[in-house]
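First up is the structure itself, then whatever we jot down about it.
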Amino acid sequence: MIIQPFDIADFDLFIAYLNEQLAENGAGESSYFMPFERADSNVSPGKIEVFRKALSTPFMEPGWRQLWLARSEDNEIIGHVDLRSHSERHTEHRSLLGIGVNRHYRKLRIGTKLIEIAEKWAVERKLRWIDLDVLSANLPAVKLYEAMGFSKVGEIPEKFMLDGLWYSETIMTKKLK
């Protein structure tokens, strides 16, 4: 496995990977890991353009996003992590984390390695905090974040109604050294 910074030449492959990931959201025995109903579990055209714009926005400009891809031996995208700016003003010292790992490659410490790379990048750029939101029912993700030093700072009960079921959201953060 190799982890490398995103290259815009891989944009369409990345979107295909995201759609494959989202197709698993709440499917079968898989729990919901994104606050999307099953029918909406794909990357919409509007979201594609938001991604494209954010990935080309320089760091520290509003809307920036930095992305890394984990690839298998045969160059398949098997995971990703991204840091992005908060949308609110006066939060330039913080970033939001997003992560995903292909279900066939979970429990191989790929998530840990992805977060370590993103965190190192954030420290080098003098960011002070990394924040994230996670569906409270996504216990494997919550456990990963806790193992990586993130602390729970709150929970919003029943924030999402997904396919007729209520889901709470946990807010976590980590202060960088």
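Structure above, values below:
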| quantity | calculated |
| --- | --- |
| Top-ranked residue of region 133-147 - restricted to ones that are surrounded by fewer than 17 Cβ atoms within 10 Å (Cβ to Cβ) and of a type outside the set (G, A, S), ranked as nearest to R84 (Cα to Cα) | D133 |
| Residue satisfying all of: in region 15-42; within 14 Å of L162 (Cα to Cα) and touching a Gly at 6+ places or on another chain (Cβ under 6 Å); surrounded by the fewest Cβ atoms within 10 Å (Cβ to Cβ) among these | R38 |
| Given (1) outside any helix (DSSP H, G or I); (2) more than 13 Å from L97 (Cα to Cα); (3) within 15 Å of the chain's Cα centre (by Cα), number of the condition P140 does not satisfy | (1) |
| Residue among K143, K126, K159 that alone is on the phi > 0 side of the Ramachandran plot and at pLDDT 95 or above | K126 |
| Those residues of region 146-167 which are within 19 Å of R38 (Cβ to Cβ) and either touching a His at 6+ places or on another chain (Cβ under 9 Å) or without any contact (Cβ under 8 Å) to a residue 60 or more places away in the chain (or both), in sequence order | E158, M161, G164, L165, W166 |
| Number of the condition not met by S87 [criteria: (1) over 26 Å from V142 (Cβ atoms); (2) assigned to a loop (DSSP other than H, G, I, E, B); (3) small (G, A, S)] | (1) |
| Residue in region 112-126 that is within 17 Å of N25 (Cβ to Cβ), charged (D, E, K, R) and out of contact with any Lys or Arg (no Cβ under 7 Å at 6 or more places or on another chain) present | no |
| Flag for V134 being part of a strand (DSSP E or B), at pLDDT 95 or above and touching a helix residue (DSSP H, G or I) at 6+ places or on another chain (Cβ under 7 Å) | yes |
| Residue within region 43-58 that is surrounded by 12 or more Cβ atoms within 10 Å (Cβ to Cβ), without any contact (Cβ under 8 Å) to a residue 60 or more places away in the chain and assigned to a strand (DSSP E or B) present | no |
| Region 90-110: number of residues that are touching a residue at least 24 places away in the same chain (Cβ under 8 Å) and of a type in the set (D, E, K, R) | 4 |
| Where a residue in region 65-83 is in a loop (DSSP other than H, G, I, E, B) and its partner, wherever it lies, is surrounded by 19 or more Cβ atoms within 10 Å (Cβ to Cβ) and not acidic (D, E), with Cβ under 7 Å and at least six apart | S72/I78 |
| Residue match in region 93-115 (condition: under 18 Å from A54 (Cα atoms), at pLDDT 95 or above and not in a strand (DSSP E or B)) | yes |
| Criterion: in contact with a His (Cβ under 9 Å, 6 or more places away or on another chain), β-branched (V, I, T) and surrounded by 15 or more Cβ atoms within 10 Å (Cβ to Cβ) - qualifying residue of I110, I115, I78, I130 | I78 |
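The values are calculated or read from the model by the stated rules, or taken from the named source; none is laboratory data. Just so you know, these numbers come straight off a predicted model, no measurement behind them. Positions of Cβ are backbone-derived with ideal geometry, glycine not excepted, and every protein chain shown enters the neighbour counts.
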